[in-house]
Amino acid sequence: MDTQLARLHRGAPPQEDSFADNLLEGLAKAPKEIACKYFYDEAGSRLFDAICDLPEYYQTRTETALLARHAGEIAALIEPGAEIVEFGAGSLRKARILLDALDNPRAYTPLDISGDYLAGVVQSLAAEYPTLTLRPMVGDFTGPLDIPTLPDNPRRAGFFPGSTIGNFRPDTALCLLRRMRSGLNGGGLLIGVDLVKDPSRLHAAYNDAAGVTASFNKNLLARANRELGADFDLGAFAHYAPYNAGAQRIEMYLVSLRRQRVSLRGQLFEFAQGEPVHTEDSHKYTIESFREMAARAGFNPRAVWTDEERLFSVHWLESR
Ligand code: AVI
């Protein structure tokens with residue numbers, strides 16, 4: 001069994017430097033911003049797991065239930081002997097539902113920026129799926145996808161759960177879907193997409209009563225303090241996550257509660273009272289608007305599954 005951590009592409013910069021660069025650049029902009037991919041250090045990933053269990057955050061349990069309920073149909077569409085390529089640090093629970101339902105899957109190829117995460121994936125799956133080839137690949141799946149083909153060239157199927165597609169702007173999401181399509185060599189894509197719904201339901205999901213999402217958001221500042229020696233006062237920033245109904249997205253910000261100055265890597269950054277730092281967008285789609293985007297990316301949207309309340313959707317897209 002090949003369980004080495006291969007690199008998805010060459011020349012990826014170490015993440016610590018990228019975070020520093022992104023922060024120095026983003027805080028110098030007007031309006032200020034920090035890229036949402038930096039949420040996920042160890043503490044941030046733990047907070048995200050806690051978000052997934054929140055009563056207000058319907059997404060994870062709804063998608064997991066959809067995958068379990070329709071696993072047989074999904075397996076029939078993917079066909080026997082497929083190589084499953086998972087984009088990003090998915091939850092192993094969802095990957096297991098898929099792998100368990102599939103007929104004789106040939107290989108599981110998870111792509112992730114975190115080598116530690118991938119090493120954990122390999123450790124937990126190797127014993128459970130002794131006949132499955134595990135091909136973890138370290139790298140940023142939003143970059144070029146150089147996934148070597150296996151000698152017997154099995155049909156590929158992509159797996160992109162969790163509505164992570166919503167964290168990209170629609171034009172970037174379209175490019176990403178196109179790139180995934182070409183990386184899948186003619187195979188299909190199983191993708192989870194959060195749906196447009198009652199704004200109060202969306203608002204609650206990103207403004208939970210226990211304040212876990214607020215801690216997740218502020219972890220960006222805590223991480224800058226930990227890793228880069230910044231001196232952010234976490235109590236002087238507020239989590240703010242409104243739903244922008246016109247753009248059909250949740251927007252996340254850290255808002256400075258007072259006029260303040262923060263030092264980072266020898267530079268000083270001024271914050272006005274009430275000044276926002278944009279940290280994330282989470283776009284919501286209708287089933288139709290997502291299928292339209294998938295078609296523009298070169299997919300043939302084939303099957304879609306949703307729950308009774310139409311909170312979340314799982315799509316099977318075939319390559320054209
Ligand atoms: C990972 N992603 C799909 C989550 C979302 O809902 O956009 C990240 C998140 N941000 C706040 N809560 C969860």
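The values are calculated or read from the model by the stated rules, or taken from the named source; none is laboratory data. It should be emphasised that the depicted structure is a prediction, and the values quoted were computed from it without experimental measurement. Backbone-built Cβ (ideal geometry, glycine too); neighbour counts: all protein chains shown. With ligands, DNA and RNA removed, areas are computed over all heavy atoms of the protein, side chains included. Shrake-Rupley method; radii C 1.70, N 1.55, O 1.52, S 1.80 Å.
Kindly indicate whether Ala295 is touching a residue at least 12 places away in the same chain (Cβ under 8 Å) and among the small types (Gly, Ala, Ser).
no
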### Summary
Scanning the stretch 35-84 residue by residue, those closer than 19 Å to Pro110 by Cα, within 16 Å of the ligand (Cβ to nearest atom) and touching a Leu at 6+ places or on another chain (Cβ under 8 Å) turn out to be Leu67
#### Entry: Selection count where residues are more than 13 Å from the ligand (Cβ to nearest atom) and under 30 Å from Val85 (Cβ atoms), scope the stretch 198-224
1
#### Entry: Where a residue in the stretch 59-74 is over 13 Å from Val304 (Cβ atoms) and its partner, wherever it lies, is modelled with pLDDT under 95 and surrounded by fewer than 16 Cβ atoms within 10 Å (Cβ to Cβ), with Cβ under 7 Å and at least six apart
Thr64/Arg93
### Query
Cβ-Cβ below 9 Å, separation at least six or inter-chain, first residue in the stretch 188-217 and in a strand (DSSP E or B), second basic (Lys, Arg) and more than 12 Å from the ligand (Cβ to nearest atom): which pairs?
Gly188/Arg155; Gly188/Arg156; Gly188/Arg302; Leu189/Arg181; Gly192/Lys94; Leu195/Arg310
### Task
Return yes or no: is Leu190 in contact with a His (Cβ under 8 Å, 6 or more places away or on another chain), more than 15 Å from the ligand (Cβ to nearest atom), open to solvent by less than 30 Å² (accessible area, probe 1.4 Å) and not aromatic (Phe, Trp, Tyr)?
yes
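Of the residues that sit in the stretch 26-54 and are part of a loop (DSSP other than H, G, I, E, B) and free of Cβ contacts under 8 Å to residues at least 12 places away in the same chain, which one is most open to solvent (accessible area, probe 1.4 Å)? So that I can check it myself, show each step before the final result.
Keep residues of the stretch 26-54 that are part of a loop (DSSP other than H, G, I, E, B), which gives 28-31, 34-35, 40-41, 53-54.
Those still in the list that are free of Cβ contacts under 8 Å to residues at least 12 places away in the same chain too: 29-30, 53.
Details: Lys29: 89, Ala30: 101, Asp53: 128 Å².
Among them, the one singled out is Asp53.
Just the residues that are among the polar types (S, T, N, Q), more than 16 Å from the ligand (Cβ to nearest atom) and in a strand (DSSP E or B), please, taken from the stretch 225-272. Talk me through it step by step, then tell me what you get.
Here is the first cut: in the stretch 225-272, the residues among the polar types (S, T, N, Q) are 225, 244, 248, 256, 260, 263, 267.
Add one more test, that the residue is more than 16 Å from the ligand (Cβ to nearest atom), and what stays is 225, 256, 260, 263, 267.
Of everything in the stretch 225-272, those that are among the polar types (S, T, N, Q), more than 16 Å from the ligand (Cβ to nearest atom) and in a strand (DSSP E or B) turn out to be Ser256, Gln260, Ser263, Gln267.
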### Query
How about the stretch 133-164: which of its residues are free of Cβ contacts under 8 Å to residues at least 40 places away in the same chain and either open to solvent by less than 50 Å² (accessible area, probe 1.4 Å) or within 16 Å of the ligand (Cβ to nearest atom) (or both)?
Thr142
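For the stretch 165-177, enumerate the residues that are open to solvent by 10 Å² or more (accessible area, probe 1.4 Å) and within 9 Å of the ligand (Cβ to nearest atom). Quick ask: steps written out before the conclusion?
To start, the set of residues in the stretch 165-177 that are open to solvent by 10 Å² or more (accessible area, probe 1.4 Å) comprises 167-172, 174-175.
Within the stretch 165-177, just Asn167 meets the criteria.
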### Query
Only one of (1) part of a strand (DSSP E or B); (2) away from the ligand (no atom under 16 Å from the Cβ) fails for Arg291. Which number is that?
(1)
